[in-house]
Amino acid sequence: MKTIYVDGYNVISSWHELREAKEYSLEAAREKLIEILQNYSTYKGYKLFLVFDAHLQRGSLEKKERKSSNFIVVYTKEGQTADSYIEKAVNNVGRKIDVTVVTSDSLEQQLAFQRGATRMSSIEFYFEVIKVHEAIRKQTEKKAVDKRNLLKDRLNENVIEQLEKIRKS
């Protein structure tokens, strides 16, 4: 199973609609990103770690929230950046499993690559997520069309014939 580590605030700063949401509420931008990436990881079947810095929050402890079996949101502890958390995690598994690191921080990308991970910029990831969002939308629309409840599907043949005669006259 592919594993992806995402630098949350880096992505929020890179994606236009999240940057706009951040202007009025950082919490709203985080929640929107969580929702988007939860859909993405579920659809793709990837294990995804969304990592947010808490290194400037006094007394904060590392916290992990399991949103689903394959989607985990991590808030780092005081003094730890998302970059350092991701570096440590990738260092432990980078050459053993398929790992991708999503960040636009060039130093972080280089370190991830050295530890055996694939790197992807936040903008590249944005376009990947948009493609998946479109695939989900099309799949949902197709299911909705397939499951239409038409009146003729609920009527017996005699009633349909009578209605057809009325329509023609």
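Structural remarks
- On Cα atoms only, tilt of 82-93 relative to the major axis of the chain in degrees: 90
- Here's the list of lysines a cross-link from residue 44 could span, going by alpha-carbon distance under 19 Å and ignoring same-chain residues fewer than 8 apart: 2, 32, 67, 131, 138, 142, 143.
- The distance between label points at residue 72 and residue 97 comes to 0.8 nm (points 7 Å beyond Cα on the Cα→Cβ vector).
- Helical mean residue ellipticity (222 nm; -39500 (n - 2.57) per DSSP H run of 4+; nearest 500) of the chain: -18000 deg cm²/dmol
- Percent RCO, i.e. relative contact order, over the chain, from Cα pairs under 8 Å lying at least 6 residues apart: 22
- The region of the chain that goes longest without hitting one of the trypsin sites (Lys or Arg not before Pro) in a DSSP loop, each with at most 12 other Cβ atoms within 10 Å, is 1-57.
- Taking the fewest neighbouring Cβ atoms within 10 Å as the starting point, the ordered list for 36, 86 is 36, 86.
- Fewest-first sequence of 85, 24 by Cβ atoms within 10 Å of each Cβ: 24, 85
- Of all DSSP-defined beta bridges confined to segment 3-168, some 25% are antiparallel rather than parallel.
- Relative to the longest principal axis of the Cα atoms of the chain, the long axis of helix 157-168 lies at roughly 80 degrees.
- Toward the positive end of the charge dipole of segment 3-168, with +1 on the Cβ of Lys and Arg and -1 on the Cβ of Asp and Glu, the farthest Cα among 43, 25, 126 is that of 43.
- Against the main long axis of the alpha-carbon atoms of the chain, helix 122-146 sits at an angle near 20°.
Where a number appears in this text, it was derived from the coordinates with a stated rule and is not lab data. Please read all numbers here as calculations on a predicted model, not as lab measurements. Virtual Cβ from ideal backbone geometry, glycine too; neighbours counted across all protein chains shown.
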